[in-house]
Amino acid sequence: LVGSEMCIRDRTTIDSLESLLVAKPIRIAFTYPMHLSQATAAIHHSITRRFFLKQVGMGLTSIGSLRLLATDSPTDDTLSQLISKLNYLTPSDEFRNVERHLPLPYKLPREKRLELGLERETWKLDVIPDPASNSRLRKPLTKKNGTALNFKDLMKLAEKKSARYLKVMTCNNIGNPLGMGLWEGVPLRDVLWLAQPDKNVRRVFYRGYHNEKPDQIFQSSLPLGRILEDPPGEQPVILCYKLNGKPLTGERGGPVRMIVPDAYGFKSIKWIQQIFLTNHYQANDTYAEQNNDIDSKMKTYARFLHCPKTVKSGEPIPITGVAQTGMSGLTKIQYWLHPADDALPKGDRYFTTADWQEAQILKPKKGWGGEFIPNKLPEIPHQINADGQPKSWPLPNTITHWATLIPPVESGRYQLRCRTIDSNGIAQPMPRPFQKSGGNAIQMEEIEVTKS
């Protein structure tokens, strides 16, 4: 179901697949024609629909008319107001879930969650040497000895050590973002230093709560160096306790989860309870046994949000979309519209010789959405200035919206594709086209242009 030429367009089918994923522990890969949620997509659709109608009414039917979207002071007040309402943050309960636990921990009765350490009052975290390794810690934090880190301890650290940043959550094998949030927590390195690691430590293994069934254990790992030191301009790995300024819910992995800013979602383990420092050089990730590239950084790619199925000849075609900015950055978004019966470029698997045209990357204004109040974002190192605006755009590890108004074409059936160009000048899906290192296939939609 995932590929450059296929997507699911039936909302009922998507819901059925999601129900199946919850009811039975199987893995199904699927993509959405919208990005984060029906509600967010509906808001985006309403805003951009009014904008495009206004553009058509003004006779602005060329792609050049969209340059207004990128200006800091649009001349049209109505357009400025509409742009300011675009949402970039996803409300906590609107993130799309990729879940494997049966039963789901956050759906257990509160009494049971308290017993299992799945509430703030009872949450505890082990930071211990890997029993299968010769790593050594001077002061392990253990439940057994009554020294495990509890939530109050974490909050004491947060008074001086908290970090927050914007990050999109994406599944390694699903080609669309699951949601973007403002995550807040304590850098993991500050917790590791409490355990006083001494010698023979090369990796950090970690896992969340599970029901003790071996086939449901979900775990991941990171090199110790990535935890102790951040690459230039990158955010720290954190033990997260807030999303969009509010306490992290059980559904989102609360009371505490791991967040790895530059990685796919499987690295950001939910319901974190155990951390092992090990001298093993190999990873222990659950995904390592499933033919996945477990060290893959997030990729840059574009997806359609709203694409009309039919339009009349003589009318421009309004298109909106979302793009994820991965490790190689994002400089351009492009589209390619061509008659469906035309032959595709021969021997050109990724359509590099096609007639790609420029779309417009939309700049954020004041409206970030989500539950975050006020609308102005707090200052964030490497991301947000004191005035609540991005230091650069697009931001790494986040999403951005894009749009274009395609000039009118003759009646007939057409195929429409979109792609990104990264900061190295490389077009999607290169330089990493392989699915197991993250989905970023070129998306295609079909449009029928009818006679007026």
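The values are calculated or read from the model by the stated rules, or taken from the named source; none is laboratory data. What you see is a predicted model; the values in this text were computed from it and never measured. No Cβ is skipped: glycine too gets one built from the backbone with ideal geometry, and neighbour counts run over all protein chains shown. Only protein heavy atoms, including side chains, enter the accessible area calculation; ligands, DNA and RNA are left aside. Shrake-Rupley method; radii C 1.70, N 1.55, O 1.52, S 1.80 Å.
A straight Cα-to-Cα reach below 19 Å connects K152 with the aspartates and glutamates E115, E119, E121, D126, E184, D190, residues fewer than 8 places away in its own chain not being considered. Between the residues I294, G265, F276, the greatest Cα displacement towards the positive end of the dipole of segment 252-301, with unit charges on the Cβ of Lys, Arg, Asp and Glu, is found for G265.
Taking the protein heavy atoms of segment 98-211 in the context of the full set of protein chains, the accessible area attributed to carbon and sulfur is 49 percent at 1.4 Å. Computed from label points 7 Å out along Cα-Cβ, the spacing between D215 and T310 is 4.8 nm.
Between the beta carbons of D341 and L116, assuming R0 = 56 Å, the FRET efficiency works out to 0.40 to the nearest 0.05. Ordering of 379-388, 397-406 by packing is 397-406, 379-388, highest average first (other Cβ atoms within 10 Å, averaged per residue).
Taken per residue, the accessible surface of segment 173-259 reaches 33 Å², heavy atoms only and a 1.4 Å probe. Placing +1 on the Cβ of every Lys and Arg and -1 on the Cβ of every Asp and Glu, with nothing else charged, gives segment 287-414 a dipole about its Cα centre of roughly 300 debye. Here each label is just a point 7 Å from Cα along the line to Cβ, and for N291 and R100 those points are 1.6 nm apart. Taken over segment 118-200, the convex hull of the Cα atoms encloses 154 Å³ per residue. Give the residues of segment 278-314 whose amide nitrogen is closer than 16 Å to a point set 7 Å from the Cα of S411 in the direction of its Cβ. Residues 310-314 qualify, since their backbone N sits under 16 Å from the label point. The calculated pair-distance distribution of segment 296-452 uses every alpha carbon pair, bins of 10 angstrom beginning at 0, and gives 10, 34, 31, 18, 6, 0 percent.
Working from Cα pairs under 8 Å separated by at least six residues, relative contact order for segment 210-307 is 25 percent.
Residue ranges 177-189, 273-285, 222-234, 247-259 sort as 177-189, 247-259, 273-285, 222-234 when ordered by packing (mean number of other C-beta atoms within 10 Å per residue, highest first). Length gained on full extension, R136 to D198, computed as 0.36 nm times the residue gap minus the Cα-Cα distance: 21.8 nm. Among the trypsin sites (Lys or Arg not before Pro) within segment 381-452, those in coil by DSSP and having at most 13 neighbouring Cβ atoms inside 10 Å are K391, K451. Of the trypsin sites (Lys or Arg not before Pro) found in segment 279-354, the ones in coil according to DSSP and having at most 16 other Cβ atoms within 10 Å of their Cβ are K309, K346, R349. Considering only G185, S162, F205, and ranking their Cα positions along the charge dipole of segment 158-213 that arises from unit charges at the beta-carbon of Lys, Arg, Asp and Glu, the one farthest toward the positive end is F205. For segment 367-452, the dipole from Cβ point charges (+1 on Lys and Arg, -1 on Asp and Glu) about the Cα centre works out to 260 debye, to the nearest 20.
Please give the per residue accessible area of segment 305-433, computed with a probe of 1.4 Å over protein heavy atoms only, in Å².
44
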